[in-house]
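The numbers here are math on the coordinates, done by the rules we state, and not lab data. Computed from a predicted structure; not experimentally measured. Every residue, glycine as well, gets a Cβ built from its backbone with ideal geometry; the counts of neighbours run over all protein chains shown.
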Protein chains: 2
Amino acid sequence: MRLRDVGEREAIAVILKRLEAMPNMPIPFGDDVSAYSLNNDLFVLKTDMLVGLTDIPKGMSLWHAARKAVVMNVSDFAAKGVRPYAALVSLGLPGETTLNEVEEIAEGLNAGVREYGVYILGGDTNEASDLVISVSMFGTAEKGSVMLRSGAKLGDIVAVTGFFGRTSAGLKILLEGCKATEDIRDALLGAVLMPKARLDEGLALKASGAVTASIDSSDGLAWSLHEISKASGVGFILDNVPVAEDVVKFAELNELDPVELALYGGEEYELVLTINPKLWDRAKETVERVGGALIKIGRTVAERGVFLEFNGRKRVVKPKGWEHFRRH
Amino acid sequence: MRLRDVGEREAIAVILKRLEAMPNMPIPFGDDVSAYSLNNDLFVLKTDMLVGLTDIPKGMSLWHAARKAVVMNVSDFAAKGVRPYAALVSLGLPGETTLNEVEEIAEGLNAGVREYGVYILGGDTNEASDLVISVSMFGTAEKGSVMLRSGAKLGDIVAVTGFFGRTSAGLKILLEGCKATEDIRDALLGAVLMPKARLDEGLALKASGAVTASIDSSDGLAWSLHEISKASGVGFILDNVPVAEDVVKFAELNELDPVELALYGGEEYELVLTINPKLWDRAKETVERVGGALIKIGRTVAERGVFLEFNGRKRVVKPKGWEHFRRH
């Protein structure tokens with residue numbers, strides 16, 4: 001069996017079976033970040049790699065790609081409510097890369113980390129066939145304070161920090177020649193080229209104490225909800241799919257389903273959260289105080305899985321999302 | 001200018017110019033590890049990438065390659081006298097990789113970390129054209145206790161933790177068809193396939209308080225000495241190039257210069273150290289107590305650079321070593 005037939009998640013399962021797990025891991029394998037516990041501190045670690053072959057769409061500059069490699073990692077810290085301090089970067093570069101291109105990558109990396117108060121402390125440069133940007137990030141947290149995927153409870157409110165579908169639409173413009181009018185084009189392309197991590201929102205939400213489970217939506221909204229569902233042992237009914245207005249227009253123009261664009265995208269960096277309903281107001285106010293938004297999209301139910309309530313009918317939301325190696 | 005013309009070090013220089021440095025970095029850019037300082041603690045971080053294209057010679061299995069990707073990182077911690085606790089691994093894998101090969105990589109990674117008391121806490125899997133294994137490692141240290149490259153003083157003893165040249169010889173067997181008799185073949189190939197990091201030695205040496213500067217020899221003995229020379233502002237005269245006995249035999253058999261093999265190799269993971277001469281005995285005993293060796297190879301002098309004293313004559317040791325992108 002080859003990876004191109006079985007996909008990334010099967011590869012991860014095979015790897016995890018072969019790794020000896022550290023006793024008493026403070027954050028289990030498979031959550032957005034990892035952690036090491038020493039005395040009363042939690043050291044939070046994350047690594048995420050961007051590969052030119054699959055992760056840089058036509059139309060994205062090296063500056064944008066390098067910045068995005070940083071944002072991807074910051075987003076995972078944001079989802080856990082942990083402030084990242086420092087980053088290391090390992091680069092794989094083809095021999096034909098020019099020094100100007102290297103400069104552009106370095107500037108994109110620096111722009112990305114400084115946007116979130118992080119510094120790059122070191123790294124490594126290597127020759128490779130593809131461009132590879134592997135970022136590792138480090139932060140600290142108090143024990144027990146990290147927002148995991150596993151705490152969602154029956155009756156919790158499901159919420160997100162923004163609207164979805166812009167990245168899917170932007171990629172369809174870049175890669176499939178889909179149409180967009182002037183007034184929405186920039187926002188849709190901007191979602192692809194200049195993604196933002198919701199770090200302020202994540203830190204504020206952790207401080208509010210209202211969050212029971214959290215994940216970032218980098219694998220798509222549907223996939224992220226399924227991940228919380230699996231980790232927490234609950235299900236979700238969505239009654240308000242948070243489709244961005246631009247995406248509704250874009251979908252109409254291209255005869256696409258806007259809900260599909262919002263649910264099954266990926267490379268979006270909103271936070272997907274379950275919130276203790278008693279603390280909803282506090283959570284919403286806290287996020288708004290840092291300039292963000294908290295949007296109710298549904299509720300937690302006992303039946304596992306993710307469902308869409310629409311005109312009184314229930315539709316299944318499939319665990320579909322971006323996966324390396326698989327061609328949809 | 002393309003990387004294949006200017007080499008890896010020029011790329012690093014370009015990158016460093018574009019990165020905003022964190023104020024008061026506890027360990028400067030370019031040392032073997034990076035560090036972040038918080039309250040009274042130093043968080044030590046390192047990332048190093050192994051790329052199939054350039055770093056896996058013919059004859060090296062994926063298990064060996066994965067284990068080596070770990071050892072490379074442990075070796076940098078060893079050189080700084082810091083115990084690593086945890087690792088993250090980002091993989092780039094070609095689509096045609098089989099699940100059996102993924103298993104082999106995972107087992108090699110696990111074998112590597114467990115050999116040094118480290119656990120893998122998380123990671124990331126991606127599709128790439130080459131096999132890419134990017135390992136990040138994490139440990140802690142007391143402030144001011146890390147053995148840097150920059151502390152060598154006039155009159156210090158230059159020492160190493162083992163003999164050199166086996167890896168160069170082993171690579172010449174694998175890649176250039178050089179000859180080796182039965183009695184030395186295993187040791188030479190073993191140096192390539194199963195490198196060891198000198199973690200026990202590094203930790204013991206730090207505890208001895210005798211070390212003034214330290215580096216690992218992954219870029220070759222000559223290169224490593226030049227790095228300490230640059231960082232410390234001193235020079236070195238070597239009167240005893242630590243050539244492994246097997247390498248002398250191998251060199252004779254293949255009409256090669258054994259001293260060249262020992263000086264200008266790379267991918268060797270001995271520690272290269274300068275030692276306060278008053279504390280030499282203590283340093284040597286400490287290393288021997290953990291089963292290691294400390295071999296005097298020269299002394300620190302005021303004249304910058306690295307020199308070989310041989311039959312009363314002084315020869316320059318060039319700053320030559322392994323560099324990505326450049327074909328020697």
Under a point-charge model restricted to the Cβ atoms of Lys and Arg (+1) and Asp and Glu (-1), what is the dipole moment magnitude of segment A:157-316 relative to its Cα centre, in debye to the nearest 20? 620 debye
List the residues whose amide H sits under 5 Å from the amide H of residue A:236, counting only those 5 or more places along or on another chain, with H placed 1.01 Å from N in the peptide plane. A:301, A:305, A:306, A:307
Would you mind ranking A:25, A:49, A:1 by Cβ crowding within 10 Å, fewest neighbours first? A:1, A:25, A:49
For residue A:245, put the label point 7 Å out on the Cα→Cβ axis and report which residues of segment A:254-297 keep their amide N under 17 Å from it. A:293-295
Only Cα pairs within less than 10 Å get springs; with that Gaussian network setup on chain B, which residue of B:237, B:12, B:105 has the largest fluctuation? B:12
If contacts are Cα pairs under 8 angstrom and at least 6 residues apart, what is the relative contact order of chain A in percent? 22 percent
So which residue, out of B:88, B:294, B:271, gets the largest mean-square fluctuation from a GNM of chain B using Cα contacts under 10 Å as springs? B:88
Can you list residues whose amide H is under 5 Å from residue B:215's amide H, if they're 5+ apart or on another chain and H is modeled 1.01 Å from N? B:272
³J(HN,Hα) computed for each position of segment B:154-159 - Karplus, 6.51 cos²θ - 1.76 cosθ + 1.60, integer Hz, glycine/proline x: 3, x, 5, 8, 8, 9
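Can you tell me how much longer the chain between residue A:230 and residue A:143 gets when fully stretched, taken as 0.36 nm per residue apart minus their C-alpha distance, in nm with one decimal? Don't skip to the answer; put the middle values down first.
On the way: separation 87, 0.36 × 87 = 31.32 nm, distance 2.33 nm.
Between residue A:230 and residue A:143, full extension yields an extra 29.0 nm.
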Please report, in debye to the nearest 20, how large the charge dipole of the protein assembly as shown is about its Cα centre when each Lys and Arg carries +1 at its beta carbon and each Asp and Glu carries -1 there. 1080 debye
Provide the per-residue ³J(HN,Hα) series for segment B:91-99, in order, calculated from phi with Karplus coefficients 6.51, -1.76, 1.60 and θ = phi - 60°, each as a whole number of Hz, with x at glycine and proline positions. 10, x, 10, x, x, 8, 4, 8, 4
Charge dipole magnitude, Cβ of K and R +1, D and E -1 - segment A:150-227, Cα centre, debye nearest 20: 20 debye
Projecting each Cα onto the charge dipole of segment A:3-142 (Lys/Arg +1, Asp/Glu -1 at the beta carbon, about the Cα centre), which of A:16, A:109, A:123 comes out farthest on the positive side? A:16
Please identify, among A:221, A:19, A:253, the residue showing maximal mean-square fluctuation in a Gaussian network model of chain A using a 10 angstrom Cα cutoff. A:19
May I ask you to evaluate 6.51 cos²θ - 1.76 cosθ + 1.60, the Karplus curve with θ = phi - 60°, for each residue of segment A:285-295 and list the ³J(HN,Hα) values in order in whole Hz, giving x for glycine and proline? 4, 4, 5, 5, 4, 9, x, x, 9, 10, 10
In the neighborhood of residue B:180, defined by Cβ-to-Cβ distances under 15 Å, what is the net charge if each Lys or Arg adds +1 and each Asp or Glu adds -1? -3
Using amide H atoms built in the peptide plane, which far-off residues or other-chain residues are under 5 Å from residue B:125 H to H? B:91
Over segment B:203-328, what relative contact order in percent results from Cα pairs under 8 Å that are six or more residues apart? 41 percent
For segment B:1-134, what relative contact order do you get, as a whole percent, if you take Cα pairs closer than 8 Å and at least 6 residues apart? 27 percent
Cα-based Lys pair tally, segment A:157-316, threshold under 17 Å, eight or more apart or on separate chains: 6
